[in-house]
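First comes the structure, then the notes that go with it.
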Amino acid sequence: MENFTINSINSKPWPFDYENPPKFVPYWFENVDTFQWKEIMIRNPNVSWYACAVYLTVVFSLQHYMKGRPPANVRKVMVAWNSFLTIFSALGFYRVAQELLFNLFQTDGYYRTVCVRQGRNLPADFWGLLFVLSKFLEFGDTMFIVLRKQPLIPLQYYHHCIVTLFAWKLYPWGEPILAHYSAINYGVHAVMYAYFVARGLKIHVPEALAMSITTLQIAQMIINTGNNFYTMAMLYLGHPCSRHPTSITWSLVVYISLWILFAKFFLARYFSQKKGAHKKVD
């Protein structure tokens, strides 16, 4: 098993040695050189920072522009947007989770899925790449909130920016634990965006379902925090584990901070005396 070093991991991406023959065969559109994309991300580490700066500028400029103007009627566009993201997230979950679940049920399965860079196939790596790129696309979620003049809470723009920065930085390192990150996030998003499609179509959805989606979001943060503590324990006990200290630090900052913010949102949304309207956060 490879051992990461500061110099090597900052100078080049770590490609997976895909299984041959593959357990999961790529479709024609999945035959992408993911290594080249990883090189682009390492050579251009500030792209995600620039994207977040533009995103925040546009969000607050648009919010200022909408003052004194009626909410925009973007319901049909939102239904199409959320429908696309529902299908996209479901496909991503299927292609990443099938490999992840297969490996989980092998000998030492959990350890291997978070620490060992073997048993990997191109489809999961390809959808890991799309997971990163989709974070830029999801900036559009906030635009709909602003255009409709819905309450814009800090959780909304904080989590979009921090996850984009996080994904852009970590994907080139090819750590096995990223399969857990992307599979869980894809699964939660598939449910969440389907919920917003139903709302956009004015289909009655029980509040318990909305509550369960926020619960899933919090569970996502708790599970991935636990995954990181497990890999830290493996490293402390001297077991080989393909993790880098910077990756662990980023992961804990992202997941613990989002865990706290989503928990505060959950309590305010469902247990405060004055309930606000449900905000679209993922």
Tally the residues that are of a type in the set (Gly, Ala, Ser) and modelled with pLDDT under 95, restricting the search to the stretch 161-199. 1
Regarding the stretch 185-205, can at least one residue be identified that is aliphatic (A, V, I, L, M), touching a residue at least 24 places away in the same chain (Cβ under 8 Å) and not in a helix (DSSP H, G or I)? yes
Within 22 Å of Leu100 (Cβ to Cβ), buried (at least 22 other Cβ atoms within 10 Å of the Cβ) and in contact (Cβ under 8 Å) with a residue 60 or more places away in the chain: is that true of Tyr171 in this structure? yes
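Scan the stretch 87-100 residue by residue and report those that are more than 15 Å from Leu129 (Cα to Cα) and either surrounded by 20 or more Cβ atoms within 10 Å (Cβ to Cβ) or more than 15 Å from the chain's Cα centre (by Cα) (or both).
Going residue by residue through the stretch 87-100, those that are more than 15 Å from Leu129 (Cα to Cα) are 87, 90, 98-100.
The answer is Ile87, Gln98, Glu99, Leu100.
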Among the residues of the stretch 231-245, are any within 19 Å of the chain's Cα centre (by Cα) and part of a helix (DSSP H, G or I)? no
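Here is a yes/no grid of residues against (1) crowded, with 20+ Cβ neighbours inside 10 Å; (2) touching a Pro at 6+ places or on another chain (Cβ under 6 Å); (3) of a type in the set (Asp, Glu); (4) over 27 Å from Asn46 (Cβ atoms):
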residue	(1), (2), (3), (4)
Ala124	yes, no, no, yes
Gly128	yes, no, no, no
Phe131	yes, no, no, no
Pro151	no, no, no, yes
Val191	no, no, no, yes
Ile218	no, no, no, yes
Met221	yes, no, no, no
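The values are calculated or read from the model by the stated rules, or taken from the named source; none is laboratory data. Because the structure is a prediction, the values reported are computed rather than measured. Counting neighbours? That spans all protein chains shown, and the Cβs are built from the backbone with ideal geometry, glycine included.
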